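Only one structure is covered here, and it is reproduced in the block below.
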Amino acid sequence: MKKYIKYSLLTIGILLIIGLSGFYIWTQQTYEPSGKLQELVGEVEQEDGWVVYEPEDRTKGGVVLYPGAKVEPEAYSYLAQQLSDQGYVVGIPHVALNLAFTGIGKSEELMERYPSVEKWYVGGHSLGGVAAASYAHENLHKVDGLFFLGSYPAGGDDFSKEDLPVLSIYAEKDGLTSLEDIEKSKSLLPENAVFYEVTGGNHAQFGMYGPQKGDNKAELPAKEQQDQIIQAMIDWIQ
């Protein structure tokens, strides 16, 4: 009997190691920045676990953008660069295992790095939006706005009775966050939440990293979708 228990525990341990190893390998198969993005922004540097763009002139506020699952933060550099040109410090964090829920509190790092910035807007793409909502829900006094890029909050993060500006940008051809998902998410958001649809856009083009498994083909170029996102964000913040 003792030998049976020993072998059973050994088998469970081996299976657990195999499962965890497979999960780790899966998380490391990331979506890298596309060649088009590199043409637009040039070389992108990550420092202390962040891709950060600072405005050259007066800073109007700060933006934290949590990346989608297994998407490298550099893939959002065009968005960050364009927002910084409008006067915002923009940071995209690297998160453990390339999954944003492992770094929900990352916003604190950027806020502490720029103490003079008075207004902060947090959000993210896909799973990154879920993580951003979780942070905002627990830190409403530190956040001036919450935005979603092809994303929505988890069921436990209900903002419907909160006085928090919220922007939800979604795409018509998104194969991973459906229009039905967006419609259902409205019950968790304030009545005055702003919704913006990118006609012909898809899930992957909320960043610039090429095609994504499970997504639909976009009907517009990645840069055009990015430019619509940027303008919608600027209009909402201002």
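The values are calculated or read from the model by the stated rules, or taken from the named source; none is laboratory data. Quantities reported herein were computed from a predicted structural model and do not represent experimental measurements. So basically every Cβ, Gly included, is an ideal-geometry build from the backbone, and we count neighbours across all protein chains shown.
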Practice task
Taking only region 150-176 into account, find how many residues are without any contact (Cβ under 8 Å) to a residue 40 or more places away in the chain and assigned to a strand (DSSP E or B).
Solution key: 3
Exercise for the section: Find the residue count for region 177-220, including only residues that are in contact with a Phe, Trp or Tyr (Cβ under 8 Å, 6 or more places away or on another chain), assigned to a loop (DSSP other than H, G, I, E, B), crowded, with 18+ Cβ neighbours inside 10 Å and touching a residue at least 60 places away in the same chain (Cβ under 8 Å). Expected result: 4
Exercise for the section: Please work out if Gly207 is in contact with a helix residue (DSSP H, G or I) (Cβ under 7 Å, 6 or more places away or on another chain), among the small types (Gly, Ala, Ser) and in the same structural domain as Gln82 (by TED's automatic domain parsing). Expected result: yes
Completion exercise
Among the residues of region 103-124, the number that are assigned to a loop (DSSP other than H, G, I, E, B) and either among the charged types (D, E, K, R) or surrounded by fewer than 15 Cβ atoms within 10 Å (Cβ to Cβ) (or both) is 4
Problem - Residue within region 171-187 that is in contact with an Asp or Glu (Cβ under 7 Å, 6 or more places away or on another chain) and of a type in the set (Ser, Thr, Tyr) present - result: no
